[in-house]
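Notes follow the structure.
The values are calculated or read from the model by the stated rules, or taken from the named source; none is laboratory data. Everything numeric here is computed off the predicted structure, so don't read it as measured data. Every residue, glycine as well, gets a Cβ built from its backbone with ideal geometry; the counts of neighbours run over all protein chains shown.
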Amino acid sequence: MPYAKDVRILLVEDDREVAEYVARGLEEEGNRVTICFDGAEGLRRAQKSAFDIVVLDVMLPLLDGFEVTRRLRAENNATPILLLTCRDAEQDVVRGLDAGADDYLTKPFSFEVLLARLRARTRAQSGEHSKLAYADLMIDLESHKVSRGKIPINLTRTEFAIVESLLRSAGRVVTRRHLIESVWGEGRVVGDNNLDVFIRFLRVKIDGPGQARLIHTVRGLGYSLREDTL
């Protein structure tokens with residue numbers, strides 16, 4: 001079975017050689033990979049941006065993988081977590097799963113086995129977890145269908161990614177930098193003007209005549225998805 005493309009993966013691994021090898025392979029499969037080299041930075045990234053799965057080493061500087069997993073689950077972050085470790089003792093496996101991890105892969109591992117585990121965990125997000133909704137706006141992450149009320153909306157891939165990011169933080173301000181990193185990837189040179197153009201397109205498609213406005217500009221910060229009265 002082919003691996004799902006365009007999966008957003010957070011890879012937290014302090015061994016830079018391993019991290020770069022895994023990231024390179026995943027990107028060659030058509031996915032977007034963000035790398036962190038310690039647990040504290042990995043936690044911050046997982047809290048700040050939306051990912052489809054977190055690949056998390058257990059033995060990390062600052063915060064270990066167990067603690068990162070525990071904190072994410074305490075914040076009701078339901079992103080699938082795959083733990084990587086050299087420690088395969090039964091108590092370590094139980095500890096990781098009890099902390100909230102979804103799967104556990106022991107080093108050394110083959111890249112094909114890693115792909116199979118990732119495929120299984122990202123596929124498991126189908127069903128009710130594949131849909132995001134706020135007010136009468138709904139998107140289906142699996143089929144990439146978008147609707148407002150009963151009206152279907154056709155979005156480009158980039159527009160869809162922006163709406164998804166806004167929906168995941170509905171009611172809160174999403175900074176320009178956060179949007180650019182979550183949609184185009186960290187390190188990409190994308191100007192604010194590019195983002196503004198896509199937001200204008202989205203307003204035409206989503207906040208049409210006779211509909212309450214959902215996409216709001218927060219001056220100096222970014223954008224927010226919230227209900228507005230007509």
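Scanning the stretch 17-38 for residues being among the small types (Gly, Ala, Ser) and either outside the structural domain of PHE51 (by TED's automatic domain parsing) or exposed (fewer than 15 other Cβ atoms within 10 Å of the Cβ) (or both) gives a total of 1.
Whenever a residue of the stretch 119-132 is charged (D, E, K, R) and assigned to a helix (DSSP H, G or I), its partners that are modelled with pLDDT of 50 or more and surrounded by 13 or more Cβ atoms within 10 Å (Cβ to Cβ), lying with C-beta atoms within less than 7 angstrom and at least six residues away or across chains, give the pairs ARG121/ILE53; ARG121/PRO80; ARG121/LEU82; ARG121/ASP102; ARG121/ASP103. Among the residues of the stretch 114-151 satisfying the criterion of being of a type in the set (Val, Ile, Thr) and more than 14 Å from GLU164 (Cα to Cα), which is modelled with the lowest pLDDT? The qualifying residue modelled with the lowest pLDDT is THR122. Annotation: LEU155 fulfils all but one of (1) at pLDDT below 80; (2) among the hydrophobic types (A, V, I, L, M, F, W, C); (3) in a loop (DSSP other than H, G, I, E, B); the unmet one is (1).
Checked against (1) in the same structural domain as VAL183 (by TED's automatic domain parsing); (2) under 24 Å from LEU11 (Cα atoms); (3) of a type in the set (Val, Ile, Thr); (4) in contact with a Ser or Thr (Cβ under 8 Å, 6 or more places away or on another chain), ILE153 passes all but condition (2).
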